[in-house]
Amino acid sequence: MSAPLIELVEIEKHFGPVIALNGVSVSVDAGECHCLLGDNGAGKSTFIKTMSGVHKPTGGKILAEGREISFDSPRDAMLAGIATVYQDLAMIPLMSVTRNFWMGREPQKRVGPFKFFDFSEANEITMTEMAKMGIRLRSPDQAVGTLSGGERQTVAIARAVYFGAKVLILDEPTSALGVRQTSNVLATIDKVRKNGIGVVFITHNVRHAMAVGDRFTVLNRGKTLGTAKRGDINAEELQDLMAGGQDLAQLEGSLGGTV
Ligand SMILES: Nc1ncnc2c1ncn2[C@@H]1O[C@H](COP(=O)(O)OP(=O)(O)OP(=O)(O)O)[C@@H](O)[C@H]1O
Ligand SMILES: [Mg+2]
């Protein structure tokens, strides 16, 4: 067994008097999809921001492939191969897919002393990388704003993978998507994982988690309720853990159906 790609041990994060994380441990192996579940305010975003160098933990340690490290900035984490796709994606809707894919890292062509953006190479790589993720673009010139939500997520994921992500963090990538788009994104997660990348998939949706997850960690008020492997837990148990079972049972009772 090789060391996990990244391991966070007993992470604490306080914001003044607010204890957002109170001893959370999660590890991510190569080629696994580790789902992070939990209700609003559980600490999911705070946790992945700690993993991606946005926040410095108040306590605990971070190991990358077995060695203790600390990130001073998101850039440090990116250099270590940790890429985050946030829900707002940081894309420019009016620019083409290719421009968004490269964002300042464009391949250059030299003609004498001059350097040019090599459009044809950039376009070709963009089309190829998107096709690998199962998306056939009409044209690389297509504006990102005209893509569907799921396709946009895929551009962001393909970009992170192309630029060498070892750990890919997805913060609620399916929460704003319809059924078909969701299944596209889940299929993309599956492809990424098969490339040996470790995926951290944050979601509120137990079914989305069950569809692709290898391991599931549930957060509740800044603490882990535990980590379960695929096959050791079913959707109902996961749902119960997430919502603190009792509340949901009451809600089901009062609505007279299944939530
Ligand atoms: N910068 C901050 N300053 C103070 N408190 C914060 C800060 N960031 C997060 N918190 C608090 O930490 C707790 C966890 O928040 P976090 O955003 O991590 O939850 P979450 O699980 O991502 O929730 P959601 O599902 O709603 O996105 C909340 O109580 C939140 O108010
Ligand atoms: Mg959040």
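Tabulated data for the structure shown
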| read-out | value |
| --- | --- |
| Positive-end residue, the chain charge dipole about Cα centroid, Cβ charges, pick of Ile6, Ala131, Ser45 | Ala131 |
| Where the chain is the region considered: accessible area per residue in Å², 1.4 Å probe | 51 |
| Lys, Arg +1 and Asp, Glu -1 on Cβ, resulting dipole of the stretch 8-75 about Cα centre, debye, nearest 20 | 260 |
| Residue-count net charge about Asn22 - beta-carbon cut-off 9 Å; Lys, Arg +1, Asp, Glu -1 | +2 |
| Lysine pair number, Cα distance threshold 23 Å (strictly under), the stretch 94-251, separation 8 or more or different chains | 8 |
| Listed residue (Val206, Met103, Ala156) projecting farthest to the positive dipole end of the chain, Cβ model | Met103 |
| Apportionment of accessible area to carbon and sulfur, the chain, percent (1.4 Å) | 51 |
| Kirkwood-based Rg to Rh ratio, the stretch 28-102, C-alpha trace | 1.02 |
| Peptide ranges 155-162, 110-117 listed from the most packed, as the mean C-beta count within 10 angstrom indicates | 155-162, 110-117 |
| Label point at Lys109 placed 7 Å out along Cα→Cβ; residues across the stretch 116-136 whose backbone nitrogen lies under 11 Å | 116-123 |
| Hydrodynamic radius (Kirkwood) for the stretch 61-114, which is based on Cα pairs only, to one decimal in Å | 14.4 |
| Convex hull per residue volume in Å³, alpha carbons only, for the stretch 1-131 | 185 |
| Within the chain, percent of DSSP bridges classed antiparallel, to nearest 5 | 60 |
| Whole-Å semi-axes of the ellipsoid equivalent to the chain (Cα gyration tensor, √5λ, descending) | 34, 23, 16 |
| Value of [θ]222 nm, deg cm²/dmol, for the chain, DSSP H segments ≥ 4, -39500 (n - 2.57) each, nearest 500 | -10000 deg cm²/dmol |
| Relative contact order [Cα under 8 Å, 6+ residues apart], the chain, whole percent | 26 |
| Inter-site label distance for Arg180 and Leu79 at 7 Å from Cα along Cβ, in nm | 4.4 |
| For peptides 66-78, 139-151, sequence by mean Cβ density within 10 Å, most packed first | 139-151, 66-78 |
| Size of charge dipole - the chain - debye, nearest 20, with Cβ of Lys, Arg +1 and Asp, Glu -1, no other charges | 760 |
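The values are calculated or read from the model by the stated rules, or taken from the named source; none is laboratory data. Note that this is a predicted model, so its numbers are computed, not measured. With ideal geometry, Cβ positions are generated from the backbone for all residues, glycine too; neighbour counts draw on all protein chains shown. To get the accessible areas, we keep the full protein, side chains included, count just its heavy atoms, and leave off ligands, DNA and RNA. Shrake-Rupley method; radii C 1.70, N 1.55, O 1.52, S 1.80 Å.
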